[in-house]
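The values are calculated or read from the model by the stated rules, or taken from the named source; none is laboratory data. Just so it is clear, the model here is predicted, and its values are computed rather than measured. Cβ sites come from the backbone with ideal geometry, for glycine too, and all protein chains shown count toward neighbours.
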Amino acid sequence: MSVMPENESWFTEVWSPEGSAFSLEVTAKLHEEQSAFQHIEIYQTRHWGKLMVLDGCYMVTDKDNFLYHEMMTHPALFTHPDPKKVLVIGGGDCGTLREVLRHPGLEQVWQVEIDERVTRLSEIHFPELCEANGDPRASLLFEDGIAWIKNCQPGELDLIIVDSTDPVGPAAGLFNREFFGHCLRALGDDGLLVQQSESPLFHTDNLIAEMIGEMRAAGFESHHTLPFPQPIYPSGWWSCTLASKGLTVTDFREQAARDKAFETRYYNADIHRGALAVPEFMKTLYR
Ligand code: SAM
């Protein structure tokens, strides 16, 4: 057992259901407030850059956010044949929006984040994640994504990315069949949905299996869960789930991914192909 030195400060997120915790050494608390939706904290860490915490849960650090943001976006954008209109629900730190906007064929992206304070604080503390916010193709809206999706025109969207917090509080309604049904209607048959789907290690047989059941009940026929590393989230291993009615989500534009005209730090065509491999214990999701 290791003991933390008494003269150092650490932020710890305890994940009680699995008896685990992850800590980062922090040198200053830069901001703290209770917004209308959640408790927001921003820290300076010693080695991971800045850290944002919502309701006691790690959201982003400068050091490792590229893993999550690249995997929430590029696999889906290289799976849809020609994505032009994209909706991001949540995603207030704007890192997902920035990655989406790297795709030159895109015409319009709406980011519907319920808590404007997350975005305003990200503009101050995570300016690199917000560097594409002024792109003329981007619209930043501060509303509940669950209500917003109900008012979309049928078939209006090519891709919906649900970059939400854990399925509690305002995000609870982003994981059920009613919400997925509204997504399916807004997407049309060849549209694609991406949902952040928590830890493969901790959630395959409960949250992920139940979420896929709800997606299928709503009419999504093809689905696949892509694991990727994410050190700050519980278990250090995270996932996104792709779903579609008309597309086979394991087929992607591999040559286009190889020829991509923008830089990434984690995603490439080989990473994409590797992430489609199914670990033995996750095969239950495909029976
Ligand atoms: N990467 C993070 C993770 O997996 O834990 C998610 C980061 S992003 C900051 C999550 C955002 O989802 C939060 O800013 C939260 O306000 C937003 N959110 C939660 N429920 C929402 C809803 N119903 N509509 C729109 N945004 C929502």
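Data for the structure
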| quantity | calculated |
| --- | --- |
| Scan of the range 151-166 for residues that are under 30 Å from Val53 (Cβ atoms), more than 9 Å from the ligand (Cβ to nearest atom) and out of contact with any Pro (no Cβ under 8 Å at 6 or more places or on another chain), ordered by number | Ile160, Ile161 |
| Scan of the range 213-242 for residues that are within 15 Å of the chain's Cα centre (by Cα) and of a type in the set (Phe, Trp, Tyr), ordered by number | Phe228, Tyr233, Trp237, Trp238 |
| Residue ID - nearest to Pro170 (Cα to Cα), chosen from residues in the range 49-62 that are in contact (Cβ under 8 Å) with a residue 40 or more places away in the chain and assigned to a loop (DSSP other than H, G, I, E, B) | Asp55 |
| Within the range 21-58, tally of residues that are among the polar types (S, T, N, Q) and under 22 Å from the mean Cα position of the chain (by Cα) | 3 |
| Residue match in the range 41-55 (condition: on the phi > 0 side of the Ramachandran plot, in contact with a helix residue (DSSP H, G or I) (Cβ under 8 Å, 6 or more places away or on another chain) and modelled with pLDDT of 95 or more) | yes |
| Test result for Asp62, within 13 Å of the ligand (Cβ to nearest atom), among the acidic types (Asp, Glu), more than 18 Å from Val112 (Cβ to Cβ) and at pLDDT 95 or above | no |
| Extreme residue, farthest from Thr79 (Cα to Cα), among residues of the range 170-198 that are more than 9 Å from the ligand (Cβ to nearest atom) and of a type in the set (D, E, K, R) | Glu178 |
| The range 116-140 - residue that is within 10 Å of the ligand (Cβ to nearest atom) and of a type in the set (D, E, K, R) and, of those, farthest from Leu51 (Cα to Cα) | Glu116 |
| Checking Ile89 against (1) within 14 Å of the ligand (Cβ to nearest atom); (2) touching a residue at least 60 places away in the same chain (Cβ under 8 Å); (3) not assigned by TED's automatic domain parsing to the domain that holds Val168, the condition it does not meet | (3) |
